[in-house]
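The values are calculated or read from the model by the stated rules, or taken from the named source; none is laboratory data. In this text, all values refer to a predicted model and were calculated from it rather than measured experimentally. Cβ placement follows ideal geometry from the backbone for every residue including glycine, while neighbour counts extend to all protein chains displayed.
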Ligand SMILES: Nc1ncnc2c1ncn2[C@@H]1O[C@H](COP(=O)(O)OP(=O)(O)OP(=O)(O)O)[C@@H](O)[C@H]1O
Ligand code: SF4
Ligand SMILES: [Mg+2]
């Protein structure tokens with residue numbers, strides 16, 4: 001495998017609150033290779049960048065970007081990386097764009113912040129980018145305000161902004177959740193296409209496993225701030241090894257099935273991040289729970305290649321269940 | 001003279017907005033975030049609250065001076081002029097009417113100015129005007 005672009009080691013993110021310490025990320029390690037798309041699915045994941053801008057968070061571990069630990073970087077150096085080398089696409093483009101500035105100016109801003117360019121040059125670049133992401137009449141649209149765009153167009157504009165300085169890594173935080181179903185596929189295709197064109201890696205955070213399967217190389221499944229499964233998209237989609245992932249698979253409408261007779265949502269409450277149950281965090285909701293699950297925390301153990309899962313069930317049992325119970329509805 | 005607390009409250013709530021996080025994610029400096037992203041969003045409410053304050057101050061002054069508790073004559077103020085007119089109200093009642101009317105117009109103008117400025121500062125309002 002190529003030298004990783006981003007390497008996260010034993011990351012912990014905690015928020016001290018009145019009710020107790022919220023363990024949003026609890027010791028997670030993963031890496032992203034250049035040009036790779038990593039899907040992050042599940043409950044509770046704080047985006048790498050978002051968390052660094054959240055000052056009230058207690059963060060430990062390492063976030064190595066091209067070997068440099070972002071958490072130890074002087075604020076000014078880290079600021080230069082944000083927007084230029086690592087950029088972000090937000091969930092709701094309406095609130096992520098400033099309502100009082102023209103869309104073109106907001107894209108142009110990225111150039112003005114990181115490069116010594118005139119306002120005019122920056123604005124022209126912004127128009128080019130709008131054209132690139134498929135916005136008709138870009139010169140006219142660039143002079144419009146965010147609320148004058150449709151949801152899909154706004155997300156295209158956000159993508160244009162994220163691409164402005166051809167970053168190495170784009171973090172897309174649920175980029176389609178706020179959009180119409182019909183527009184969602186277009187936006188994901190656009191991200192794919194742009195990622196190839198700009199040779200960037202993408203971290204795609206989503207709640208929808210069906211979405212990531214098509215657009216990601218690897219998938220990481222998070223539960224209660226911990227990684228419970230990791231593997232190639234294909235392995236996760238057709239041969240998941242963790243009961244929580246099975247739950248996710250069963251609760252989506254699968255593309256490869258003509259009828260979606262039974263959508264089975266996962267039973268029980270989403271996990272509290274303050275009082276995580278002892279042993280396996282998923283044990284209160286798991287249909288396969290065993291005694292050991294209530295006392296011992298399962299470690300993330302590789303099965304084959306880099307497919308790994310954190311669950312006490314024996315591998316043979318997992319393979320049997322996924323074949324006999326999960327993939328056949 | 002906007003209430004400092006209003007401005008502080010505005011900044012604190014705007015600071016939490018997603019577009020501020022988005023600007024930070026784009027590498028914008030703190031200075032840029034304050035002056036380019038937060039301030040223009042706060043301007044509308046600041047202007048509106050200022051103009052309301054100005055209007056209220058004019059009315060308060062008029063009332064106080066009319067009762068003799070306000071700015072002391074001979075300093076000319078709306079209230080003093082009104083009080084002035086009152087002493088002559090039996091022979092020239094229009095002095096009070098016109099001066100009162102002038103105060104009313106002034107206060108209305110200040111309010112209209114505030115409305116106008118707010119519309120000019122808020123792109124949402126512009127769209128409505130155009131269509
Ligand atoms: N400032 C904060 N103070 C306390 N807890 C926080 C704070 N920010 C985030 N958290 C906690 O961290 C967890 C993860 O937050 P995050 O916003 O990443 O969730 P998410 O999985 O992205 O949710 P969503 O689906 O709403 O986007 C949440 O459970 C939240 O309670
Ligand atoms: S470890 Fe036990 S409780 Fe946790 S997912 Fe596996 S079987 Fe279920
Ligand atoms: Mg989120």
- [ ] Kindly indicate the residue of the stretch A:286-329 that is surrounded by 14 or more Cβ atoms within 10 Å (Cβ to Cβ) and part of a helix (DSSP H, G or I) and also nearest to ligand 2 (Cβ to nearest atom) among those meeting that condition.
- [x] A:293
Open item on the list: For the stretch A:204-232, give me each residue that is within 16 Å of ligand 3 (Cβ to nearest atom), farther than 21 Å from residue A:13 by Cα and assigned to a loop (DSSP other than H, G, I, E, B).
Closed with: A:208
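If the requirement is being in contact with a helix residue (DSSP H, G or I) (Cβ under 9 Å, 6 or more places away or on another chain) and at pLDDT below 80, which of these qualifies: B:89, B:62?
Details: B:62 fails: at pLDDT below 80.
Of the residues listed, the single one that is in contact with a helix residue (DSSP H, G or I) (Cβ under 9 Å, 6 or more places away or on another chain) and at pLDDT below 80 is B:89.
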- [ ] Examine the stretch A:272-283 for a residue that is part of a strand (DSSP E or B), more than 8 Å from ligand 2 (Cβ to nearest atom) and under 20 Å from residue A:27 (Cβ atoms), and state whether such a residue exists.
- [x] no
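Of the residues A:155, A:112, only one is closer than 22 Å to residue B:37 by Cβ and within 16 Å of ligand 1 (Cβ to nearest atom); which?
Going through A:155, A:112 in turn, just one is closer than 22 Å to residue B:37 by Cβ and within 16 Å of ligand 1 (Cβ to nearest atom): A:155.
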Task: Checking residue A:155 against (1) under 23 Å from the mean Cα position of the chain (by Cα); (2) away from ligand 3 (no atom under 16 Å from the Cβ); (3) in a helix (DSSP H, G or I), the condition it does not meet - done: (2)
TODO: Enumerate the helices (runs of 4 or more DSSP H) found wholly within the stretch A:3-103, keeping only those where 1 or more residues are modelled with pLDDT under 90, within 16 Å of ligand 3 (Cβ to nearest atom) and within 14 Å of residue B:23 (Cα to Cα).
DONE: A:48-53
Open item on the list: Please count how many residues of the stretch A:105-135 are closer than 18 Å to residue A:166 by Cα and either more than 13 Å from chain B (Cβ to nearest Cβ) or part of a loop (DSSP other than H, G, I, E, B) (or both).
Closed with: 15
Task: Any hit, the stretch B:15-32, residues being within 14 Å of chain A (Cβ to nearest Cβ) and over 30 Å from residue A:89 (Cβ atoms) - done: no
- [ ] Kindly indicate whether residue B:48 is away from chain A (no Cβ under 14 Å) and assigned to a helix (DSSP H, G or I).
- [x] yes
- [ ] Would you check if there is a residue in the stretch A:234-246 being touching a strand residue (DSSP E or B) at 6+ places or on another chain (Cβ under 9 Å), within 25 Å of residue A:280 (Cβ to Cβ) and part of a strand (DSSP E or B)?
- [x] no
Open item on the list: Scan the stretch A:170-185 and tell me whether some residue there is farther than 22 Å from residue B:25 by Cα and part of a loop (DSSP other than H, G, I, E, B).
Closed with: yes
